[in-house]
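Engineer: The structure follows.
The values are calculated or read from the model by the stated rules, or taken from the named source; none is laboratory data. Computed from a predicted structure; not experimentally measured. Quick reminder, even Gly has a Cβ in these numbers, built from the backbone with ideal geometry, and neighbours come from all protein chains shown.
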Amino acid sequence: MLEKTKNNKEMKQTRPVPSVSKGVDMSKVKWTSEQQDAIYEKNSNILVAAAAGSGKTAVLVERIINKIINEKIDIDKLLVVTFTNAAASEMRERVLDAIYKKLEEDSENENLQRQITLLNKASICTIDSFCLEVVRNNFYELDNVSPNFRIADTTEIELLKQEVLEDIFEKKYEEDNDEFIKLIHTYTSYRDDTPLKELVLKINNYIQSNPFPEKWLTDKIEMFNLKDRLDEDFANTIWGKELLKEVDEELVDILSTFESISKKLTLDKELEKYYQTIRNDIDMLENLKRSLNSWDKAYEINQNLKFPTWPRQKVESELKDEAKKIRDDGKKKLSKILDKILIYNSRQANEDIYDMYSILSKLKNLIFEFNEEFSKRKRNKNIVDFNDIEHFALKILLKEENGKIQVSEVAKRYQEKYLEIAIDEYQDSNLVQEYILSSVSKGNNIFMVGDVKQSIYKFRQAMPELFLNKYHKYKSKKDKQKEDDLKIQLFKNFRSRDNVLDFTNIVFQDIMSNDLGDIEYDEKEYLNLGADYPELKQNFATEIDIIDLKEEEKQENIENEEIFEEKNEEEEERVENIELEARFVANRIKELIKEKFQVWDIKKNQYRNIEYKDIVILLRSTANIAPIYEQEILSLNMPVFSDSSQEYLGSIEIQTIMSLLKIIDNPMQDIPLVTVLRSFIGKFTDDELVQIRLSDKYDNFYVCMQKAMIDVNKELKEKICNFLSNLDKWRDEQEYFSLDELIWKIYIDTGFYNYVRINAKW
């Protein structure tokens, strides 16, 4: 079954607005008044709420160019922070491209020529890169941090975390530590302490997004210390407020359905008794709702809450049956939530929270012990992770004096250096990054661009509330006083047609709210049409296709005259579903090509027939799904390319070289080392690796190889010697070879290049 929705709005006969994407001559772009404000306004902090397709990157680039050309500010006096290395590279390319275009107009402009030279050392980077620069240049401000530290990769860090946890747990088991045993009994089973280990890691990772992680965790756990507040109304605690809010939301939903059905019941006089029953229900629920400002009052009402008996009247009516079903469903929903929440009075609820204080304090101590030991191990290995880099930078830029946090002299130097700080994708910042960037600003020179509706990195401890706080606090241009910070809203979309935008707005106005998505998606937040296209006879309708899997299966059974055996395996069913979806998409693409669907060609400034290269298929994950789509598309004799990083970077050929580079840097990494030994480069067999490991079951594999040469046979000894000799040579050569030169030399030394060229299917 396919269901399609179409928007048949008449299209305007106007010239298209040029896209502001990469490759467009920015001098020919007509900026909106809001975009102009974002480009030229200054002398205050500025927050640009830029909706999807509003040209925020183009605006940011143009603002940089304006600073360079009109305000005569050198580009190395600007700090431009992006979210990814790719975004930083693209930003640098866009700025360079814009400068070259300006030079075409004024080739003798010495200022522009100087900016090209300065661009190489300009601070257009990720926040991690900026923090690393701060630490490298000011390491002497830190205690116990060597200037030649190495940033460990994720795998190495995770293995070290596990090692530290295992050692701490083993030590506490041996000590028979009472606090630890209580934690074990609370969070784990008798057979497996993994849940507690995972909890320690999860909490420790989470608190690192806070500028002062240990203080933050201590303060949060102290909130459970209700020893002196046991007789207070539980509604005044954060837990009581959240729980009563949950009850209130459920009551609002139930009351809405009860009100709706009660209005219907008034249409039939024979249903008067049922109407009165529903009205009594409504009065009772509204009374409960009004009581939710007091926990004990709500608790008391709940204890005596009783729905009247449904009238037993011989009336044949579908409306009566509908009303009874709605009422029964509402009662079940309410009972489910009230039986879970309003089961204790304030005193009992406060005591339950206080009972948790002791065990949480023990958990906190364990986390702090882990973090201390983890930090110690990293120092011993002279390695750091990116959390360390951010917190090191914070320690350098902020100092505590007389109990107050003050910017350091280093921070003041950065304040003098940077005339403006621009932050892209600001909605994905966390509190540590906020403190860092604020410390190097003058207080009125931060330019932030983002869209809270596109915040997707909460799992990485991003804090969209930072954006929202400024969004509600900053003033629009018309309301702004001199001392106020400025908010600019870019809600015109230059990427999509009106039917796409209308559909998007319809969907998100119903599902996005302050509670779900951190913002109310109303008319103020709508995506508004910014691009116009010439009229076209073809209907550009938004199309939703729903595949009824049961109908599809039935149809295929009929066509093939066979019945599929029922599959119990969930994974098999999932693959089948993906295949059906992929088959539908492939056929739809073929239809579009056959129908000569018209698309707008921005380079030719006209419509043309759609081509395969115009079509992209977006998937939640490419790992296992992309090959299925490829197969279905290829089966219809259509070209397809899967842009999957796993296909390239995940290939064994690339992974082998990456592992080799890791052990050239640090041979004490077991997993990369064994990977290389087992590959074409090492040519060690499984039996040989076992023999090496038997020389020492506990030390790292690199040391095992050195020890093994004493006991192994001559052939294996020679093999080990040759490998270690080559490894030592490459480790020496890394000091004076560039990375590309070193990789090429490794290819030649090992014969790996010819091996890959002959055997790899690229």
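Engineer: Restricted to region 694-711, and to residues that are aliphatic (A, V, I, L, M) and either in contact with a Lys or Arg (Cβ under 7 Å, 6 or more places away or on another chain) or more than 14 Å from Val674 (Cβ to Cβ) (or both), which residue is surrounded by the fewest Cβ atoms within 10 Å (Cβ to Cβ)?
Structural biologist: Among those that are aliphatic (A, V, I, L, M) and either in contact with a Lys or Arg (Cβ under 7 Å, 6 or more places away or on another chain) or more than 14 Å from Val674 (Cβ to Cβ) (or both), it is Ile710.
Engineer: Another question, then. Being of a type outside the set (Ser, Thr, Tyr), surrounded by 15 or more Cβ atoms within 10 Å (Cβ to Cβ) and on the phi < 0 side of the Ramachandran plot is true for just one of Asp143, Asp128. Which residue is that?
Structural biologist: Selected residue: Asp128, the only one of Asp143, Asp128 that is of a type outside the set (Ser, Thr, Tyr), surrounded by 15 or more Cβ atoms within 10 Å (Cβ to Cβ) and on the phi < 0 side of the Ramachandran plot.
Engineer: Here is a follow-up. List pairs: first in region 470-483 and basic (Lys, Arg), second surrounded by fewer than 10 Cβ atoms within 10 Å (Cβ to Cβ), Cβ under 8 Å, 6+ apart or cross-chain?
Structural biologist: Lys475/Gln481
Engineer: Filter region 406-442 down to residues that are out of contact with any Lys or Arg (no Cβ under 7 Å at 6 or more places or on another chain) and without any contact (Cβ under 8 Å) to a residue 12 or more places away in the chain and give me whichever is surrounded by the most Cβ atoms within 10 Å (Cβ to Cβ).
Structural biologist: It comes out as Ser438.
The rows are residues; the columns are (1) assigned to a helix (DSSP H, G or I); (2) in contact with a Lys or Arg (Cβ under 9 Å, 6 or more places away or on another chain); (3) touching a residue at least 12 places away in the same chain (Cβ under 8 Å); (4) crowded, with 17+ Cβ neighbours inside 10 Å.
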| position | (1), (2), (3), (4) |
| --- | --- |
| Pro195 | yes, no, no, no |
| Tyr206 | yes, no, yes, no |
| Ser209 | no, yes, yes, yes |
| Leu217 | yes, yes, yes, yes |
| Asp231 | no, yes, yes, no |
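Engineer: Another one. Name the pairs whose Cβ atoms lie under 6 Å apart, with the first residue in region 331-353 and outside any helix (DSSP H, G or I), the second aromatic (Phe, Trp, Tyr) and surrounded by 15 or more Cβ atoms within 10 Å (Cβ to Cβ), and 6 or more positions between them or separate chains?
Structural biologist: Here the result reads Leu342/Tyr299; Asn345/Tyr299, each pair linking region 331-353 to a residue that is aromatic (Phe, Trp, Tyr) and surrounded by 15 or more Cβ atoms within 10 Å (Cβ to Cβ).
Engineer: Now, a different point. One residue is enough: does region 258-279 have a residue meeting the conditions under 30 Å from Thr237 (Cα atoms) and of a type outside the set (D, E, K, R)?
Structural biologist: No, region 258-279 has no match at all.
Engineer: Filter region 179-193 for residues that are in contact (Cβ under 8 Å) with a residue 60 or more places away in the chain and either closer than 21 Å to Leu394 by Cα or among the β-branched types (Val, Ile, Thr) (or both) and give the result.
Structural biologist: The answer is Thr186, and nothing else.
Engineer: How do the pairs read when you match residues in region 609-627 that are more than 14 Å from Ala586 (Cα to Cα) with residues anywhere that are aromatic (Phe, Trp, Tyr) and not in a helix (DSSP H, G or I), using Cβ under 7 Å and keeping only pairs 6 or more apart or on different chains?
Structural biologist: Ile610/Phe597
Engineer: List every residue pair whose Cβ atoms sit under 6 Å apart, with the two residues 6 or more apart in sequence or on different chains, where the first one lies in region 233-259 and is touching a residue at least 24 places away in the same chain (Cβ under 8 Å) and within 13 Å of Ser294 (Cα to Cα) and the second, anywhere, is aromatic (Phe, Trp, Tyr) and part of a helix (DSSP H, G or I).
Structural biologist: Listed pairs, sorted by first residue: Asp233/Trp295; Phe234/Trp295; Ala235/Trp295; Gly240/Phe234; Gly240/Trp295.
Engineer: Among the candidates Lys550, Lys537, Lys492, which residue alone is under 30 Å from Phe597 (Cα atoms), modelled with pLDDT under 85 and either in contact with a helix residue (DSSP H, G or I) (Cβ under 8 Å, 6 or more places away or on another chain) or exposed (fewer than 13 other Cβ atoms within 10 Å of the Cβ) (or both)?
Structural biologist: Only one candidate passes the filter, namely Lys537.
Engineer: Would you check if there is a residue in region 70-88 being on the phi > 0 side of the Ramachandran plot and not assigned by TED's automatic domain parsing to the domain that holds Ile423?
Structural biologist: There is no residue in region 70-88 that is on the phi > 0 side of the Ramachandran plot and not assigned by TED's automatic domain parsing to the domain that holds Ile423.
Engineer: What is the number of the single condition among (1) buried (at least 18 other Cβ atoms within 10 Å of the Cβ); (2) over 25 Å from Tyr426 (Cβ atoms) that Ala122 does not meet?
Structural biologist: Result: Ala122 fails condition (2) only.
Engineer: Out of the residues in region 299-352 that are farther than 24 Å from Gln276 by Cβ and of a type in the set (S, T, N, Q), which is farthest from the chain's Cα centre (by Cα)?
Structural biologist: Step by step, filter region 299-352, then rank; the result is Gln303.
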